[in-house]
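The values are calculated or read from the model by the stated rules, or taken from the named source; none is laboratory data. Only a predicted model underlies this, so the values are computations on that prediction, with no experimental measurement involved. Virtual Cβ from ideal backbone geometry, glycine too; neighbours counted across all protein chains shown. Ligands, DNA and RNA are excluded from the accessible area calculation, which covers all protein heavy atoms including side chains. Shrake-Rupley method; radii C 1.70, N 1.55, O 1.52, S 1.80 Å.
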Amino acid sequence: MAQALIDLAHISKSFDGTLVLDDLNLSVKENSFVTLLGPSGCGKTTTLRIIGGFETPDDGKVIFDGKDITSLPPNKRQLNTVFQKYALFSHMNIAENIAFGLKIKGKSKSYIDDKIKYALKLVNLDGYETRSVDSLSGGQQQRIAIARAIVNEPRVLLLDEPLGALDLKLRQDMQYELIRLKNELGITFVYVTHDQEEALTMSDTIVVMNQGYIQQMGTPEQVYNEPENAFVADFIGESNIVHGTMIHDELVEIFGTKFACVDKGFGNHAPVDVVIRPEDIDLVEPADDLLNGVCTHLIFKGALYEMEVTTPDGFEWLVHSSRLCPVGKKVGIRVDPYNIQIMNKPESEDEEAINLDE
């Protein structure tokens with residue numbers, strides 16, 4: 001089992017009296033791809049900067065491979081950072097940019113030359129040594145920034161929204177490139193993004209953050225299919241989040257209609273939140289034992305149709321399906337029990353704010 005390489009223990013951080021991180025605890029295993037995901041202002045970049053040594057926590061410790069590095073400067077840590085603005089030196093050619101850190105370390109010319117060739121081959125830019133930074137596309141500049149980081153042989157590579165400035169197609173290509181690099185290099189990646197698709201595509205582990213708290217941590221499958229609260233369900237992908245009543249184990253009532261589910265332990269006749277993903281809804285012929293409604297909106301999205309079904313209570317159910325349901329058609333809503341996620345309702349207004357405010 002992989003050991004924890006990075007441990008953040010009880011980290012708190014404020015800026016100008018505003019609490020950004022509140023008693024945050026996080027472990028990152030060696031050779032993993034961990035993504036810090038959340039909306040703007042949730043604390044993800046501050047967390048990354050604390051790991052990198054660019055910020056010092058007000059409270060708590062940063063443990064790296066069993067050693068306290070909380071006060072260690074960035075250049076003394078066994079990690080490198082790739083920023084969204086790649087911070088390449090325009091007055092240097094590609095080889096000089098990549099060699100910058102190695103020259104500071106006093107490495108020999110032959111060692112540096114070998115490392116430059118190795119890094120350029122790794123990022124699929126062989127022969128670019130003498131090119132200028134300004135002659136490169138955004139995607140190529142991003143690869144050079146990564147090459148400059150990996151020649152220093154860091155044990156951890158920190159990436160702060162490095163694909164944010166790229167167009168959609170190039171961003172998708174670079175997602176696969178980063179996965180390949182991580183697998184080939186065998187180093188630990190800690191990645192910051194607000195893009196849910198990026199997180200789901202690349203990560204071994206996703207850490208969902210909001211308002212300085214970790215809302216949920218798990219595999220992409222766990223976070224998507226088993227959200228622990230309404231914020232996670234709403235932020236990761238699209239969801240129908242409705243109020244329900246847990247009649248008893250494995251039976252929930254939604255808008256007066258009973259649905260079989262697989263969840264237990266919520267008590268009898270207990271108020272709950274229910275999460276149902278749009279792709280998990282089957283539209284069938286209306287029936288007395290189903291929640292029935294009318295298809296009120298329809299959009300064709302290529303691989304699927306996005307529809308809205310309005311039920312008598314006024315709720316608009318979002319539905320994704322490969323089968324078209326024409327506007328105006330009456331339908332019944334059917335959901336497999338395994339696709340109904342039950343969550344406890346927040347116990348206080350403060351908890352609800354933490355979970356739901358974006």
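What the table shows:
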item	result
Residue ID - nearest to LYS76 (Cα to Cα), chosen from residues in segment 89-102 that are open to solvent by 60 Å² or more (accessible area, probe 1.4 Å) and modelled with pLDDT of 85 or more	PHE100
Qualifying residue in segment 127-140 (condition: open to solvent by 40 Å² or more (accessible area, probe 1.4 Å) and either under 30 Å from PRO57 (Cα atoms) or among the β-branched types (Val, Ile, Thr) (or both))	yes
Some residue of segment 43-52 being of a type in the set (S, T, N, Q) and outside any helix (DSSP H, G or I)	no
Answer residue from segment 176-194, given it is over 11 Å from ILE150 (Cβ atoms) and among the charged types (D, E, K, R) and is surrounded by the most Cβ atoms within 10 Å (Cβ to Cβ) among those	GLU177
Selected residue (only one of LYS117, LYS121, LYS107 is outside any helix (DSSP H, G or I) and open to solvent by 80 Å² or more (accessible area, probe 1.4 Å))	LYS107
Qualifying position, being open to solvent by 50 Å² or more (accessible area, probe 1.4 Å) and over 30 Å from the mean Cα position of the chain (by Cα), among ASP289, ASP282	ASP289
Selected residue (only one of VAL272, VAL294 is open to solvent by 40 Å² or more (accessible area, probe 1.4 Å), outside any loop (DSSP other than H, G, I, E, B) and in contact with a Lys or Arg (Cβ under 7 Å, 6 or more places away or on another chain))	VAL294
Failed condition for SER27, given (1) touching a residue at least 40 places away in the same chain (Cβ under 8 Å); (2) surrounded by fewer than 20 Cβ atoms within 10 Å (Cβ to Cβ)	(1)
Output for segment 143-169, where each listed residue is farther than 25 Å from TYR111 by Cβ and not aliphatic (A, V, I, L, M)	ASP160, GLU161, PRO162, GLY164, ASP167, LYS169
Count of segment 238-251 residues which are over 17 Å from ASP313 (Cα atoms) and open to solvent by less than 30 Å² (accessible area, probe 1.4 Å)	3
Segments classed as helices (runs of 4 or more DSSP H), wholly inside segment 128-208, with at least 3 members that are more than 10 Å from THR35 (Cα to Cα) and in contact with a Pro (Cβ under 9 Å, 6 or more places away or on another chain)	138-150
Every pair of residues 6+ apart whose Cβ atoms lie under 6 Å, when the first sits in segment 95-122 and is charged (D, E, K, R) while the second is outside any helix (DSSP H, G or I)	LYS115/VAL151
